[in-house]
Amino acid sequence: MKQSIFRILTNVPLTDCVYKMVLSGDTSAITAPGQFVSIQLAGKFLRRPISVCDYDKTSLTLVYKVVGKGTEMMSRMVPGEELDILTGLGNGYDLTPAGDKPVLLGGGVGVPPLYHLAKRLTAMGKDVTVILGFNTGNEVFYEEEFRALGCRVIVATADGSCGVKGFATTPLTDLDYSYFYTCGPEPMLKAIYKATVTSGQMSFEERMGCGFGACMGCSCKTLTGCKRICKDGPVMKKEEILWDR
């Protein structure tokens, strides 16, 4: 974990309530796709945890949804403003067991952390399929960005207004894949757990207190006891999760 000051380069809307913020700063503590950062906002006691969408040595890309006062403040920030950010939080996805044909499934704001993962997997020569799940076509974002990486992209919307009608699990039925990676709300993760025929890794979305393991506010049950989403997660292996929590 590292505390640094980042300067906003751009902050633009992707949909009515989803924004993309690109910042410059020290990203050396970020070591794997699937990790998150925690942002200090003026007048707010708790930091805001946001998943990392993409990064390189000097820049950080965050894609976030406006869901409360903190993220609403972020949406109004302009280039040149600075943010105090903790980086390198949580564990990330393990690329080792991906196999030749991994599938990535994202629901809503569970989509962003899959982007850098897809970038890494395609660079390794993997045949990557990405399934993006949304409620309606107006909510779809990053479809073309994944295609630009060379991924096969399938969009699923609950109302059928864009792509396949259904949920992120719907296209899995006829899909040949070696392993899965996913991030999204818990109901989606439960559905993917039941629908997938291979092993995989699941990244949890969870409200957090400290964001680095000092409290137990984001704990979940696993086969080896309670684990903290912020420190032991947010990525968990499919086989270790207990769902009665």
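Observations on the model:
- Residues of the range 82-120 that turn out to be within 15 Å of Ala32 (Cβ to Cβ), of a type in the set (A, V, I, L, M, F, W, C) and outside any strand (DSSP E or B), as a count: 5
- Matching residues, the range 121-132, being among the small types (Gly, Ala, Ser) and in a helix (DSSP H, G or I): Ala123
- Each residue in the range 183-199 was checked for being touching a residue at least 60 places away in the same chain (Cβ under 8 Å) and of a type in the set (A, V, I, L, M), and 2 of them qualify.
- Note on the range 183-245: enclosed strands (runs of 3 or more DSSP E) holding 1 or more residues that are polar (S, T, N, Q) and at pLDDT 85 or above are 200-204.
The values are calculated or read from the model by the stated rules, or taken from the named source; none is laboratory data. Given the structure is predicted, the values throughout are model-derived calculations rather than measurements. Methodologically, a virtual Cβ is constructed for each residue, glycine included, from the backbone with ideal geometry; neighbour enumeration extends over all protein chains shown.
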